[in-house]
Amino acid sequence: MLRADASAAARFRAARQAIRDGGQDEVARSLQSVSADIRRSILRMIDTAQLGHVGGDMSVTDILVTLFGAVLEVDPEQPQAPDRDRFILSKGHCAAALYSTLAWCGYFPESELRSFMAPLSALNGHPDRRKVPGVETNTGPLGHGFPVAVGCALAARLRGSPSRTVVVLGDGEMQEGSNWEAAMTAGHHGLSSLTAIVDRNRLQQGARTEETVTLDPLDAKWAAFGWEVRVTDGHDHTALLEAVRPSVTGKPVAVVANTVKGKGVSFMEDRVEWHHKVPTSEQMRAAIAELSR
Ligand SMILES: Cc1ncc(C[n+]2csc(CCOP(=O)(O)OP(=O)(O)O)c2C)c(N)n1
């Protein structure tokens, strides 16, 4: 198991406090600058490993940064604190984005990111809760993380804990039936401490989601399963902050976050081949330059 980096955790606490104390514009600017750092970090990890899921990593980055930067009540130095908020990345193939965010928070030293997917590294291609602090459950097989999140929210209610559970799903992942069983169960129990965010980038592994199995109208489907639904721009930190505010109806909250796969790198944006293609060294230079503007 990796250990927290105390100085990174202290920096994160200070940065988060500053973000939380800032006005809306300042908050958005701070989160945007962290997102650019995380996107560059993802590219470097994938370049070193020559493996990864760059498109989905880039689309989920702003969601992760908003959650860890300003929403989740977590302490990287006490990753097992009983009343911590629970975060589950159900689209576990986007581990590089999660690891970069967790390292920024200080859950483990940033230098570990260089070992992404290397033999014996803790940072596997899919997150492992036994190896990486901040990872609440193993994900990778699509459709598994959301049911576990429902269990976390139910358990928190039974314990009388204030803990909130947030789960992020891929839109292609929503084609797995287990998600709809989870949605139905959470709706039935009125699990208002549960928030599910769909990274709606409209692409899956080899095709557009709507060409594979129709998901629209996705907001109406969530509502029919008993959820309070919010549709938002998944790259606008201010809009995301508004969309993930706690439930006001006593129902669980579903956020349909409209995103762009490969966001931030023009030649990757909305291109199906960048689901898990690895950039050449020339493409790497161009991508880093674009993300540094
Ligand atoms: C049960 C299962 N089937 C197939 C896969 C292989 N797989 C990995 S990612 C992916 C596409 C997921 O699409 P989406 O959820 O939209 O993710 P994103 O576009 O955000 O990367 C597939 C089919 C898997 N991980 N699990």
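The values are calculated or read from the model by the stated rules, or taken from the named source; none is laboratory data. Just so you know, these numbers come straight off a predicted model, no measurement behind them. Cβ sites come from the backbone with ideal geometry, for glycine too, and all protein chains shown count toward neighbours. Heavy atoms of the whole protein, side chains included, go into the accessibility calculation; ligands, DNA and RNA do not. Shrake-Rupley method; radii C 1.70, N 1.55, O 1.52, S 1.80 Å.
A few remarks follow.
- Each 10 Å bin from 0 upward holds the following percent of the Cα-Cα pairs of the chain: 7, 30, 38, 21, 3, 0.
- Lysine pairs in the chain whose alpha-carbon atoms fall under 15 angstrom of each other, counting only those eight or more residues apart or on distinct chains, come to 4.
- Per-residue ³J(HN,Hα) for segment 63-74, Karplus 6.51 cos²θ - 1.76 cosθ + 1.60, θ = phi - 60°, Hz, x for Gly and Pro: 5, 4, 5, 4, 5, 6, x, 8, 10, 6, 8, 9
- In this view, the solvent-accessible surface of residue 278, computed with a 1.4 Å probe and all protein chains in place, comes to about 40 Å².
- Taken as Cα centroids, segment 138-212 and segment 34-102 sit 17 Å apart, rounded to the nearest whole angstrom.
- Calculated FRET value between residue 110 and residue 75, using beta carbons and R₀ = 22 Å, to 0.05: 0.75
- Evaluating 6.51 cos²θ - 1.76 cosθ + 1.60 at θ = phi - 60° for every residue in segment 274-290, the Karplus couplings come out as 7, 4, 8, 6, 9, x, 6, 5, 5, 5, 4, 4, 5, 5, 5, 4, 5 Hz, glycine and proline recorded as x.
- Computed label-point distance, nm, for sites residue 181 and residue 120 using a 7 Å Cα→Cβ extension: 3.9 nm
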